[in-house]
Amino acid sequence: MGPKGTYVTFSSHGLQYRKKLDSPQVVDRLPQESQPVPIYNGMHTITSADVDLLTDTDSKNFIEELTEKAAKYSLQLWLAIIPFAIGVLLLLINSFDTRVVQVSAAEDQTVASVTSEVGANVRRKPDAKSEILKYANSGEDFNLLDSSNKRWLKIQLHDSIGYISRKVALINHNHTDSVNSSETFISNKFFWVQSVLLIAAFIFLYLWTGRLDKKRLEMELVYEMDEKVQVIHDQFINHFKDFTRSSKIWQYLHASRTSDYKRTGGAGQLISRIGISSLSSDRKPLKYFKTNVDIPYIKLRNTELYFLPERLLIKRGQKFGAVFYKNINIASRVTRFIEDESVPRDAAIVGHTWKYLNKGGGLDRRFKNNRQIPICHYSEYTIQSGTGIYEIISTSKIGAFDNFSKLITQIGALQSHLQLS
């Protein structure tokens with residue numbers, strides 16, 4: 001029915017799958033029971049069950065094939081990229097050497113040094129009445145050109161020649177050692193020939209193994225949608241893009257009750273959360289995963305969520321799970337959150353409290369660093385399934401995930417009325 005993968009006919013009249021003829025046949029199993037939420041020392045851990053347990057019955061064949069592709073090693077990596085990197089390293093090690101070069105030679109120099117504490121005049125001619133070319137400071141040195149004159153020393157200025165009286169200068173001999181440095185040079189006379197051959201071999205292997213990898217690892221999922229479903233899918237993508245525009249999106253990791261209201265600004269529950277920074281309206285779960293639709297993507301701490309048109313794909317490491325939307329429940333609510341971090345620009349501030357409270361709920365003046373903290377309204381979404389999916393995300397923009405989650409629920413309701421074959 002398809003040379004490379006699965007074809008999905010998705011319409012308001014039904015949902016049909018046509019798989020390639022060599023697809024392995026898998027015996028159905030009963031759905032996994034819902035996993036209990038782990039609780040440690042009174043702390044409520046918010047995390048999904050093991051990814052191997054998340055897949056519902058309808059998605060098993062799809063996940064079997066996806067996991068099989070993900071488990072295969074890349075020929076391009078092992079036969080092209082890694083050998084090329086090793087080859088470059090060996091070529092560099094065996095082709096370059098260092099040598100010592102002389103920057104400046106040793107030099108013996110005879111100079112005239114000004115000894116007068118008040119300095120001296122450098123004149124154009126060896127005559128006290130001659131034109132003064134320069135005033136020399138005490139201790140200043142000049143290259144000596146001639147010392148045959150008993151009263152005057154002939155010296156070199158920058159761009160001319162002058163004379164200085166012997167009464168205010170002495171002749172000194174300076175020695176300067178040679179200055180050497182090391183330089184790197186190409187010691188392998190075949191370096192460029194070998195470099196060209198190495199690059200040419202890499203290009204050939206990279207392209208050849210790339211074609212082999214594509215043949216071995218490519219998985220194709222083609223959706224054939226009628227006009228009505230295509231409109232729904234367009235809304236699906238647009239609603240997800242609206243969700244990504246929320247200024248801040250968090251993932252909840254832990255939640256625990258607390259009775260220490262004085263030190264928590266009056267909060268009765270402590271939430272451990274991290275920001276979700278990796279979101280995309282289209283990302284594929286594998287390099288050679290090919291499909292004709294955009295796949296919205298959310299990267300959680302140790303889990304990746306891919307929203308296909310008819311089901312949620314979960315990736316953890318190189319393992320996958322999948323659950324149809326009919327088996328997913330998304331509950332939403334607006335929560336009051338005492339924000340101890342910077343307030344997002346689209347957050348709704350509904351009040352303020354103090355970091356440390358007194359018995360009456362007001363400012364506790366015993367703490368010098370006590371400060372006022374805003375109370376914000378955030379939207380909170382709990383994603384669950386009977387197979388063990390359990391994740392909570394929160395958005396600073398109220399209702400940012402509403403339209404997308406409602407559409408998932410509507411698609412799930414539609415799936416419950418469709419005949420799967």
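Every number in this text was worked out from the coordinates using simple rules, so none of it is lab data. Worth saying up front: this structure is predicted, and the values here are computed from it rather than measured. Cβ atoms come from the backbone with ideal geometry, glycine included; neighbour counts cover every protein chain shown.
Computed from Cα positions, the angle between helix 191-217 and the longest principal axis of the chain comes to roughly 10 degrees. Couplings 3J(HN,Hα) for the range 90-97, derived from phi with the Karplus relation 6.51 cos²θ - 1.76 cosθ + 1.60 (θ = phi - 60°), are 5, 5, 5, 5, 9, 10, 10, 9 Hz, where x marks Gly and Pro. When the helices of the chain are scored as -39500 (n - 2.57) per DSSP H run of n ≥ 4 and the total is divided over every residue, the value at 222 nm lands at -7000 deg cm²/dmol. Here's how it looks for ALA322: its modeled amide H is under 5 Å from those of THR55, ASP56, ILE314, which are all 5 or more places away or on a different chain.
Centre-to-centre, using Cα atoms only, the range 279-333 and the range 345-394 are separated by 29 Å.
Net charge in the neighbourhood of ARG301 (other residues with Cβ under 15 Å of its Cβ; Lys, Arg +1, Asp, Glu -1) is +2.
Pairs of alpha-carbon atoms within less than 8 angstrom and 6+ residues apart define the contacts here; what relative contact order does the chain have, in percent? Contact order relative to length: 20 percent.
Look at the alpha carbon pairs under 8 Å that are at least 6 residues apart: their mean separation over the length of the range 107-176 gives a relative contact order of 42 percent.
Largest GNM mean-square fluctuation among GLU304, GLU218, GLU227, using the chain with Cα springs under 10 Å: GLU227.
Add +1 for every Lys or Arg and -1 for every Asp or Glu among the other residues with Cβ under 14 Å from the Cβ of ARG124, and state the total. All intermediate terms of the calculation are to be shown ahead of the outcome.
On the way: positive: ARG123, LYS125, LYS129, LYS134, LYS154; negative: ASP127, GLU131, ASP159.
Residues near ARG124 contribute +2 overall.
The distance linking the range 209-229 with the range 81-160 is 73 Å (Cα centroid to Cα centroid, whole angstrom).
Around ILE155, with a cut-off of 11 angstrom between Cβ atoms, what is the net charge of the other residues, counting Lys and Arg +1 and Asp and Glu -1? Before the final figure, lay out each step's value.
Details: positive: ARG123, LYS134, LYS154; negative: GLU140, ASP141, ASP146.
Within the 11 Å Cβ shell, the charges total 0.
Residue by residue, the range 376-381 carries 3J(HN,Hα) couplings of 10, 9, 10, 8, 10, 10 Hz when phi is fed to the Karplus relation 6.51 cos²θ - 1.76 cosθ + 1.60 (θ = phi - 60°); x denotes Gly or Pro.
Could you state the angle between the C-alpha long axis of helix 227-244 and the longest principal axis of the C-alpha atoms of the chain, as a value from 0 to 90 degrees rounded to the nearest 10? For 227-244 against the chain, the angle is about 50 degrees.
Collect residues whose amide H, placed 1.01 Å from N in the peptide plane, falls under 5 Å from the amide H of LEU157; neighbours closer than 5 in sequence don't count. So LEU157 has HN proximity to GLY162. P(r) of the range 107-176 in 10 Å steps, Cα pairs, percent per bin? Using 10 Å bins, I get a P(r) of 23, 59, 17, 1 for the range 107-176.
About the Cα centre of the chain, how large is the charge dipole given +1 on each Lys and Arg Cβ and -1 on each Asp and Glu Cβ? Please answer in debye to the nearest 20.
Values: 54 positive and 43 negative charges, 205 e Å.
About 980 debye.
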